[in-house]
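Novice: Quick one: the structure is below, and I'll ask about it shortly.
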Amino acid sequence: MVSVTTIGATVGGLGLLIWQALKVVPAAPAPAEVGQAAQVYLRARTHQLREDLALGAGPTIEDLAAMARIRRENLRVFGRLLREHRGELLTLADSSTLTPERAIAWLERVGQLSRTDPRLDADRRAFLASYGVVE
């Protein structure tokens with residue numbers, strides 16, 4: 001079981017994972033910690049995630065947007081993008097096969113999808129810049 005402290009310490013790591021920047025930020029938590037936190041996060045929100053991906057809106061989408069520091073005005077774009085790919089995302093997050101590695105792959109896929117939209121990619125660049133990473 002992962003402690004609340006560990007999860008709290010790795011929330012920033014989950015955002016880094018979404019934008020696939022875990023390896024480029026010196027102060028980033030260890031990948032194993034982040035993978036475990038990602039697995040716990042997805043398992044704890046399985047039912048809500050299903051509902052939110054069907055709607056393209058809801059608490060889990062808002063949580064993910066907050067982790068990735070997606071601007072509020074881009075939340076609908078983010079939700080719509082995740083909704084369009086819900087089949088793939090739900091398969092990756094299936095609790096019966098979810099491992100820390102699959103949870104990492106899930107968050108990375110969210111980031112890959114998000115980078116296809118220029119507004120969300122601008123949020124990604126701003127997120128990375130806040131960690132001192134300039135592309």
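Novice: Provide the FRET efficiency to the nearest 0.05 for the Ser96-Ala32 pair, computing r from the beta carbons and using R0 = 22 Å.
Specialist: That gives a FRET efficiency of 0.50.
Novice: For segment 57-135, how big is Rg over Rh, using alpha carbon atoms and the Kirkwood form of Rh?
Specialist: We get a ratio of 0.98 for segment 57-135.
Novice: I'd like the Karplus ³J(HN,Hα) series for segment 72-81: coefficients 6.51, -1.76, 1.60, θ = phi - 60°, whole numbers in Hz, and an x wherever there's a Gly or Pro.
Specialist: Coupling constants for segment 72-81: 3, 5, 9, 4, 5, 4, 4, x, 5, 4 Hz.
Novice: Please report the spacing between the Cα centers of segment 81-126 and segment 29-62 in Å, no decimals.
Specialist: If we compute the Cα centre of each part, the gap is 10 Å.
Novice: Could you rank the peptides 58-71, 41-54 by their average count of other C-beta atoms within 10 Å per residue, with the highest value first?
Specialist: 58-71, 41-54
Novice: Pull up all non-local amide H partners of Val133: gap of 5 or more, or a different chain, and H-to-H distance under 5 Å with H placed in the peptide plane.
Specialist: none
Rule-based calculations on the coordinates, nothing more; no lab input. Not measured: the values here are computed from a predicted model. Cβ atoms come from the backbone with ideal geometry, glycine included; neighbour counts cover every protein chain shown.
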